[in-house]
Amino acid sequence: MIKPVGALCNLDCTYCYYLPTKSVFDGREHRMKLTTLEEIFAGILPRFGDQVTVIWQGGEPTLAGLDFFQKAVEFQNKYKRPSQSISHALQTNGTLLDDGWCRFLKEHEFLVGLSIDGPPKLHDHYRLTNRGEASSKQVFCGLRALQKQKVEFNALCVLNDVNVHHPDELWDYLISLGTRWLQFIPAIEWEQDPDRPGQNVLAPYSPDPVAYGKFLCRAFDLWFEKYRHRVSVRIFDAVVMKLVMDKMPYCILDGSCHREMTIEHDGAVFGCDHFIERRWQLAQIGQPEWHNGISLDGSIDVGLTVHRAGYVKADEHVGRDIVGHDDLPLARDMTGDCEAASGHLDTRWFERADAARLGTFNARKLDLPEKCVNCRFKPLCHGGCPKHRSQGGDVPEASVLCEAYIMFYEHTLDRFEWLAGFLRRDEQPPEPVNAKRTKKANREHAAR
Ligand code: SF4
Ligand code: SF4
């Protein structure tokens with residue numbers, strides 16, 4: 001994951017967890033230099049496998065400008081092996097997207113994640129501009145530009161204390177945008193509890209865990225009854241994949257953190273975008289004092305997803321486990337050339353990443369209380385994300401969303417198992433009786 005402008009954003013959403021990370025980088029410009037951008041690809045590509053996924057994240061990454069992204073593609077082409085293919089995902093608030101941007105995104109097959117919290121009255125509750133004004137009209141212009149250039153996008157909906165109570169309205173609206181991919185992310189943030197020194201409480205805009213559980217149950221019912229054959233919901237896909245392939249692509253519900261390298265605008269490298277804290281920094285591009293063995297990976301992609309014509313199984317793990325130098329992909333024809341051509345660049349930063357610190361970071365997710373160790377849903381939850389524990393994973397603790405997960409699995413697991421049964425036999429599950437199909441899907445179905 002690359003963050004070209006760090007936490008800089010042209011919006012000022014109340015619940016944004018990136019804005020406080022600005023203070024980690026105070027005093028420095030929040031824009032990535034082109035030398036850093038080049039160093040990233042010069043360092044990574046010779047050492048990664050043949051499938052590389054780059055996620056562009058912010059703040060608002062499009063603030064870096066289209067030229068910056070064109071340069072990124074240029075650098076990738078310069079340093080990739082002929083056998084290497086690079087796919088892109090861009091998470092954006094959509095407000096700066098225009099025809100020029102969308103032509104570029106289409107040409108390079110970016111999968112765009114558009115942040116949208118529901119119809120305007122729900123979206124505009126917390127997603128405000130820097131001047132405190134509603135942002136939904138600007139987002140809608142960006143959405144139209146995406147649709148005009150036929151760029152695939154997924155809708156990322158942050159659930160807060162307001163929209164979490166409107167699952168039907170949210171669902172209908174997001175589906176009406178024409179996307180086939182949905183993500184629901186609960187805005188879990190912590191504040192100091194004024195009544196209990198040293199303890200934290202959920203921020204006022206965070207969804208209540210029971211409300212979040214109810215939301216997931218209702219969203220599942222809507223998906224299962226009408227849309228399960230053509231709409232992908234990230235958390236539902238993840239559970240199906242776990243049941244069918246015993247792989248959990250959603251780190252929050254997996255047994256350990258996934259090794260998703262996050263590179264900040266100034267070249268600081270972290271193990272996860274949710275913990276941009278100096279104590280968890282793993283490397284610094286351009287600073288040779290960082291020197292430890294490497295234990296970083298590519299990323300784990302969703303390997304099984306609902307697609308137009310039903311479920312599609314992809315490679316279960318497109319990243320590559322790199323735990324030592326012997327695991328490095330052979331890049332005989334790249335490494336020498338790339339170093340000779342780029343003597344001024346720090347191409348070895350990746351090898352200096354602090355593997356021990358990454359291990360300590362990852363180990364915190366495994367540190368579970370008795371409640372989780374004995375829980376019947378542990379294989380599908382593992383205590384959730386350390387970010388969702390009130391002490392940030394520093395002590396054994398269950399997720400604040402525990403009740404939501406229990407409610408969700410009790411409500412859905414038999415139907416998940418039913419779906420998984422077909423897929424284990426390599427059969428497609430029957431379409432829902434009340435299936436909603438697009439006209440195109442109707443034509444495809446009739447032609448089968
Ligand atoms: S800290 Fe949370 S979001 Fe980050 S890798 Fe671990 S489980 Fe995933
Ligand atoms: S007790 Fe709660 S948080 Fe822990 S594994 Fe079970 S459902 Fe997850």
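Which pairs in the list 226/365; 78/247; 71/106 are over 27 Å apart, alpha-carbon to alpha-carbon?
Numbers: 226/365 35 Å; 78/247 34 Å; 71/106 16 Å.
Distance filter (> 27 Å) returns 226/365; 78/247.
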Legend entry - Size-normalised alpha-carbon gyration radius of the range 185-292, reference 2.2 N^0.38 Å: 1.44
Inset, instruction - Give the peptides 31-43, 198-210 in descending order of average Cβ contacts within 10 Å, highest first. - result: 31-43, 198-210
Legend entry - Peptides ranked, highest mean first, by Cβ atoms within 10 Å: ranges 183-195, 369-381: 183-195, 369-381
Inset, instruction - First check a/c for the range 126-169, with a ≥ b ≥ c the square roots of the eigenvalues of its C-alpha gyration tensor; if it is under 1.5, answer rounded, and if not, answer prolate when a/b is larger than b/c or oblate otherwise. - result: oblate
Legend entry - For residue 159, residues with placed amide H under 5 Å, excluding near neighbours: 185, 187
Legend entry - Violating pairs (Cα-Cα greater than 28 angstrom) within the set 242/371; 121/242; 148/214: 121/242; 148/214
Legend entry - Pair residue 33, residue 85: separation of 7 Å Cα→Cβ label points (nm): 3.5 nm
Legend entry - residue 106-residue 221 FRET efficiency (beta carbon distance; Förster radius 35 Å; 0.05 resolution): 0.50
Legend entry - Whole-percent pair-distance distribution, where bins are 5 Å wide, for the alpha carbons of the range 241-288: 5, 20, 23, 16, 12, 10, 8, 4, 1
Legend entry - Backbone HN-Hα couplings from phi across the range 114-123 [Karplus 6.51/-1.76/1.60, Hz, Gly and Pro as x]: 9, 7, 8, 9, x, x, x, 5, 8, 4
Legend entry - Global geometry of the range 64-165, whether rounded, prolate or oblate, following the gyration tensor of its Cα atoms and the 1.5 cut on a/c: prolate
Legend entry - Packing-based ranking, highest mean first, of 233-241, 406-414 given that Cβ atoms within 10 Å are counted: 233-241, 406-414
Inset, instruction - Could you go through the range 194-210 in sequence order and give the Karplus-derived ³J(HN,Hα) for each residue, using 6.51 cos²θ - 1.76 cosθ + 1.60 with θ = phi - 60°, rounded to whole Hz, and x for Gly and Pro? - result: x, 8, 10, x, x, 10, 10, 10, 4, 5, x, 7, 5, x, 5, x, 5
Inset, instruction - Taking amide H positions as placed in the peptide plane 1.01 Å from N, state which residues far from residue 128 in sequence (5 or more) or on other chains have amide H under 5 Å from it. - result: 12, 13, 14
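Coordinate-derived values only; no laboratory data. This structure is a prediction, so every number in the text was calculated from the model and none was measured. Methodologically, a virtual Cβ is constructed for each residue, glycine included, from the backbone with ideal geometry; neighbour enumeration extends over all protein chains shown.
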